[in-house]
1. Does segment 104-123 contain at least one residue that is touching a helix residue (DSSP H, G or I) at 6+ places or on another chain (Cβ under 9 Å), at pLDDT 50 or above and assigned to a strand (DSSP E or B)?
2. Whether any residue in segment 135-142 is more than 25 Å from G234 (Cα to Cα), modelled with pLDDT of 50 or more, surrounded by fewer than 20 Cβ atoms within 10 Å (Cβ to Cβ) and not small (G, A, S) is what I want to check.
3. Mind checking which residues of segment 151-165 are touching a residue at least 12 places away in the same chain (Cβ under 8 Å) and either in a loop (DSSP other than H, G, I, E, B) or in contact with a His (Cβ under 6 Å, 6 or more places away or on another chain) (or both)?
4. List the strands (runs of 3 or more DSSP E) inside segment 166-269, counting only whole elements, that have at least 3 residues being out of contact with any His (no Cβ under 9 Å at 6 or more places or on another chain) and surrounded by fewer than 20 Cβ atoms within 10 Å (Cβ to Cβ).
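The values are calculated or read from the model by the stated rules, or taken from the named source; none is laboratory data. These numbers were taken from a predicted model, which means no experiment stands behind them. Here the Cβ is made from the backbone with ideal geometry for all residues, glycine too, and neighbour counts use every protein chain on show.
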Amino acid sequence: MRAPGVVHHGTRRRRAAYRRAVWSVAEVLVTVGVVLLLLVAHQLWWTNRQARQGAERKVQALEREWGTPAPGSADPDASAASGAGGGEADDGKSGAGQSAGRHSASGSGGGDSAQKQPRRSQAYAVLGIPRLSLRVPVAEGVSKAGVLNKGYVGHYKGTQQPGQAGNFALAGHRNTHGEPFRYLPRLRRGDTITVETKAAVYTYTVDRTLPQTSSRDVGVIRPVPRSTVRPSYGYSRPGYYITLTTCTPDYTSRYRMAVWGRLTSMRPR
């Protein structure tokens with residue numbers, strides 16, 4: 001008969017094996033947790049830091065290439081001369097005609113149409129949004145690796161160039177990789193957006209916002225932008241438009257939002 005409290009070697013070995021297994025699982029879980037934290041830090045901090053610094057350097061390089069630093073916001077005199085351009089755009093009629101008239105008077109006609117078409121992923125303009133304290137390069141195309149993940153704003157291929165009749169449509173990240181459009185929902189009607197190129201500085205005035213639509217809603221970037229999912233949002237007449245698109249809500253890519261504006265002034269460099 002066994003004495004009470006006696007623990008056989010086999011029982012001790014099983015308990016030791018159990019403790020080692022629990023310890024190993026705990027080590028794996030801690031390692032996985034640390035790795036996940038590092039990945040989150042990389043996505044939320046490091047990619048933003050790298051992309052923003054790269055975008056800032058590109059803006060400076062473009063300004064050096066153009067010869068003179070460009071203003072960070074719309075030309076006050078030009079904005080004043082254009083009057084309440086954003087307000088007149090509400091009826092969908094007079095805004096386009098006045099924009100076209102200003103272009104004809106300035107002799108620019110088709111904006112930068114005379115310039116050479118930008119190469120794929122080439123940064124060729126600077127987008128400025130004073131309300132967001134934003135100045136960011138505009139590059140041709142919307143590829144992640146070549147454009148968006150560099151912290152740039154991408155120009156949708158097939159849409160118009162700055163100052164041209166139609167829709168100059170852009171996309172940018174809302175989260176990570178510089179997140180230039182992080183605060184896009186803060187834009188309000190009447191805010192100014194500038195697009196600076198080697199030839200001119202174009203000022204657009206924010207007119208309308210589409211808070212949420214499908215990621216496949218191609219209507220928002222058509223020459224006359226109008227949502228195909230929510231047709232009450234958009235325009236019905238030709239004009240000189242700009243469209244800014246980004247993912248919504250935060251930290252997802254399920255939906256898109258769009259901010260639209262109309263061209264209200266143009267100033268040659």
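1. yes
2. Taking every residue of segment 135-142 in turn, none turns out to be more than 25 Å from G234 (Cα to Cα), modelled with pLDDT of 50 or more, surrounded by fewer than 20 Cβ atoms within 10 Å (Cβ to Cβ) and not small (G, A, S).
3. Scanning segment 151-165 gives G151, Y152, Y156, K157, T159, Q160, Q161, P162, G163, Q164, A165.
4. Here the list reads 200-214, 255-268.
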